[in-house]
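Here's the structure, in structure tokens; my notes come after.
The values are calculated or read from the model by the stated rules, or taken from the named source; none is laboratory data. Model, not experiment: these values are computed from the prediction. Here the Cβ positions follow ideal geometry from the backbone for every residue, glycine too, while neighbour counts run over all protein chains shown.
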Amino acid sequence: MPCSAIIWKTVRRLPPFPGRDMLVDNRSFDWGVAPPLEKVITNPRELDLLLRLPEIYRQSVSIIEPWANVGINLQGEAVRASKNIAYILQQIADADTILYPVWQSGIANPWRLANVLSAGIATVVQGGDPSVYDAASFNGSNASLEDILTLIDQLMLRRSTGSGPCIFICLGHQLAAASHIRLIKRAVREVMQLTKLPLDADGFALSSLRRIC
């Protein structure tokens with residue numbers, strides 16, 4: 001059964017609750033109002049709701065928006081490329097999407113959010129106007145550069161043979177590159193603080209590892 005059908009059947013059985021408005025159906029092609037764009041997580045309360053529906057997030061593709069749009073088109077309209085991704089996935093694979101507009105919602109718990117993202121089919125991190133090289137360029141967003149990088153760090157650390165693939169686009173690609181550097185630096189610091197390794201009685205393995213670092 002398509003994910004959208006599951007969520008409608010589930011929600012109709014539930015009494016009114018905070019966050020239910022995000023599931024109200026209508027016919028506008030915009031996030032938060034109709035399939036395939038009905039599922040948007042804009043605050044921690046809605047994330048809590050989603051966590052009660054693992055059959056939804058485990059069978060969906062997650063889209064992270066680090067910024068409100070990816071640019072302005074020739075008509076002067078702000079472009080949300082996340083709509084294109086959701087539409088294409090729905091048309092060619094009958095795959096539903098969940099949008100996380102972190103520029104709007106903020107990132108209250110990056111560890112928890114990364115767990116949800118890693119459990120899904122795939123994660124796409126979108127682009128946007130800010131630059132990873134300028135933290136001030138994220139001013140005006142509810143998620144700072146550090147907030148978003150912490151989330152990407154956690155997403156990287158959860159990569160495994162059982163997790164869905166991640167696609168990083170434009171600003172998302174900058175964030176992935178910066179996160180790799182942060183994680184390498186973190187690993188070096190932690191290795192240099194080690195005093196011994198298991199099964200390394202003479203310290204040769206640790207000495208070699210420190211030289212590499």
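Pick from the stretch 93-106 the residues that are among the hydrophobic types (A, V, I, L, M, F, W, C) and more than 10 Å from the chain's Cα centre (by Cα): which of them is modelled with the highest pLDDT? Filtering the stretch 93-106 for residues that are among the hydrophobic types (A, V, I, L, M, F, W, C) and more than 10 Å from the chain's Cα centre (by Cα), the one modelled with the highest pLDDT comes out as TRP103. Residues in the stretch 146-166 that are among the aliphatic types (A, V, I, L, M) and more than 10 Å from the chain's Cα centre (by Cα): LEU149, MET156, LEU157. Condition test on GLU55, is it acidic (Asp, Glu), in contact with a strand residue (DSSP E or B) (Cβ under 7 Å, 6 or more places away or on another chain) and either closer than 13 Å to ILE121 by Cα or modelled with pLDDT of 95 or more (or both)? So GLU55 does not fit the description; no.
Mind checking whether some residue in the stretch 177-185 is among the hydrophobic types (A, V, I, L, M, F, W, C), surrounded by 17 or more Cβ atoms within 10 Å (Cβ to Cβ) and on the phi > 0 side of the Ramachandran plot? Talk me through it step by step, then tell me what you get.
Just the residues of the stretch 177-185 that are among the hydrophobic types (A, V, I, L, M, F, W, C), to begin with: 177-178, 181, 183-184.
Pick out the ones that are also surrounded by 17 or more Cβ atoms within 10 Å (Cβ to Cβ) and you get 178.
Still in the list and also on the phi > 0 side of the Ramachandran plot: none.
Looking through the stretch 177-185, none of the residues is among the hydrophobic types (A, V, I, L, M, F, W, C), surrounded by 17 or more Cβ atoms within 10 Å (Cβ to Cβ) and on the phi > 0 side of the Ramachandran plot.
Residues in the stretch 55-81 that are over 12 Å from the mean Cα position of the chain (by Cα), of a type in the set (S, T, N, Q) and within 16 Å of GLN104 (Cβ to Cβ): 1 in all.
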